[in-house]
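Heads up, the thing below is written out as structure tokens.
The values are calculated or read from the model by the stated rules, or taken from the named source; none is laboratory data. As the structure is a computational prediction, the values presented were derived from the model and not from experiment. Quick reminder, even Gly has a Cβ in these numbers, built from the backbone with ideal geometry, and neighbours come from all protein chains shown. The accessibility values were calculated without ligands, DNA or RNA, using every heavy atom of the protein model including side chains. Shrake-Rupley method; radii C 1.70, N 1.55, O 1.52, S 1.80 Å.
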Amino acid sequence: MNRRVVHTRGGPPADVLTVVEGPEPTVPERGQVLIRTTAFPVHPGDLQAVEAYPGTAAQPLPAGLEATGVVEAIGPGTPVAPGVEVGARVTVFPQPGAWAQWVVADAEVTAAVPEELSDEVAAQLLANPLTTVMLRREAQEHLAFGYDGLVVQTAAGSSVGRLVTGVCQFHHLALVNVVRSERGAAELRKRFPDVPVVSTEHPEWADEVRSVAGGRAVSVALDPIGGKLAERLLDLLAPGGKLVSYGLIAEEPISVHAATLLNKSLTLRGKNVVGRWLSEASAERRASDVATARQIALGPTDQFDVAATYGLGELAGAVEHAVRPGKVGTVLVRTW
């Protein structure tokens, strides 16, 4: 038996996602790896994709892109990454249909899990660290073009936000964190006492960012929210600055007059990590990025918090918790 999560239409994930039963997968073909999963993370981006799905599908659509488990079989003649072998612990991403007890995954998105990592960290091994790698690259590439400035990131208390903070510290990139509440700001100050934190709970938060910047230019803003918050970030950016938008949390659009972009020569860039990484990056680049993601996971493992762990039969609760305001860490689902 294979229990897996599917949906047939878009809408509130707690309402449209269901767990169905089917036969176990057959022997994998060339290029495939059969994995008995042990856990998967519920990322807000997974849920946004479900909610935004247009219309109704003729067949159930598999949910999820990331999971961890154990290799049960490898397709004949399949080239695999180092450490991927029968009996080995692995993580897959991005693999459509990863939210299942059994997954026939593409070998090219299957990575070995370092022995010292727990299943809780292994379940978060790729999606968030790879997002962090992409965002760090966006910031460093821009700063390298003569911009002696700093980075501002919103949603800094999120799982990705905390990893970005750790990576910026490692690479000596000046950073100002922005969160939605003073409570969240206090929590982040405990984790990263050397990194300034500003709360949008204060109406004059943008002036606070300028103050803690100490005269340094805001060269790059990293934002997964959008809407009015992104508009304020564009105002904060110094001439020649760049806003990297990588999420869809806000429902309202980003409203910006062309003059704002032209007069300050600003760059507004969308970054869809899941949608573009496989298609745009070379095999060598992907291998390098995965290796970096593994190193991130081996470093600040205390930043891979688990907000809660649910069973597959408690999917609705897991989905609700994943988008709960004030949540710290990633929600995981155990598949058995």
Checklist entry - For the chain, which whole percent of the accessible surface, found with a 1.4 angstrom probe, sits on carbon and sulfur atoms? => result 53 percent
Next on the checklist: Under a crude label model (7 Å from the Cα following the beta-carbon direction), how far is residue 18 from residue 30 in nanometres?
Outcome noted: 3.9 nm
Checklist entry - For the range 143-241, what is the accessible area per residue in Å², given a 1.4 Å probe and the full set of protein chains? => result 44 Å²
Item to check | the range 6-70 - Rg over Rh from alpha carbon coordinates, Kirkwood radius | outcome: 1.00
Next on the checklist: Which residues among the range 224-240 fall inside the zone where the amide N is under 13 Å from a point 7 Å beyond the Cα of residue 250, along Cα→Cβ?
Outcome noted: 224-236
Checklist outcome for this item: Charge tally for neighbours of residue 106 with beta carbon under 15 Å away, counting Lys, Arg as +1 and Asp, Glu as -1, is -1
Checklist outcome for this item: Under the helix-only model (-39500 (n - 2.57) for each DSSP H run of 4 or more, divided by the residues of the chain), the mean residue ellipticity at 222 nm, to 500 deg cm²/dmol, is -9500 deg cm²/dmol
Checklist entry - In the Gaussian network model of the chain, springs joining C-alpha atoms below 10 Å, which of 116, 29, 85 carries the largest mean-square fluctuation? => result 116
Checklist entry - Length gain on complete extension for the stretch residue 286 to residue 272, per 0.36 nm per residue less the alpha carbon to alpha carbon distance? => result 3.5 nm
Checklist entry - What accessible area per residue, rounded to a whole number of Å², is obtained for the range 18-106 using a probe radius of 1.4 Å? => result 45 Å²
Item to check | Sites residue 170 and residue 309, calculated FRET efficiency, Cβ-Cβ separation with R0 25 Å, nearest 0.05 | outcome: 0.30
Checklist entry - In a shell of Cβ-Cβ distance under 13 Å around residue 76, excluding residue 76 itself, what net charge do Lys and Arg (+1) and Asp and Glu (-1) give? => result 0
Item to check | Nearby lysines by direct alpha-carbon distance to residue 271 (threshold 20 angstrom, same-chain neighbours under 8 apart not counted) | outcome: 228, 242
Item to check | Pair-distance profile P(r), taking every C-alpha pair of the chain, with 10 angstrom steps and integer % | outcome: 6, 25, 33, 23, 11, 2, 0
Item to check | 3J(HN,Hα) from dihedral phi, the range 103-112, Karplus parametrisation 6.51/-1.76/1.60, rounded to Hz, x for glycine, proline | outcome: 10, 9, 9, 5, 4, 5, 10, 9, 10, 5
Checklist entry - Once you put a point 7 Å from the Cα of residue 53 and another 7 Å from the Cα of residue 324, both along the Cβ direction, what distance in nm separates them? => result 2.5 nm
Checklist outcome for this item: Scoring only Lys, Arg, Asp and Glu (+1, +1, -1, -1) among other residues with Cβ under 12 Å from the Cβ of residue 67 yields +1
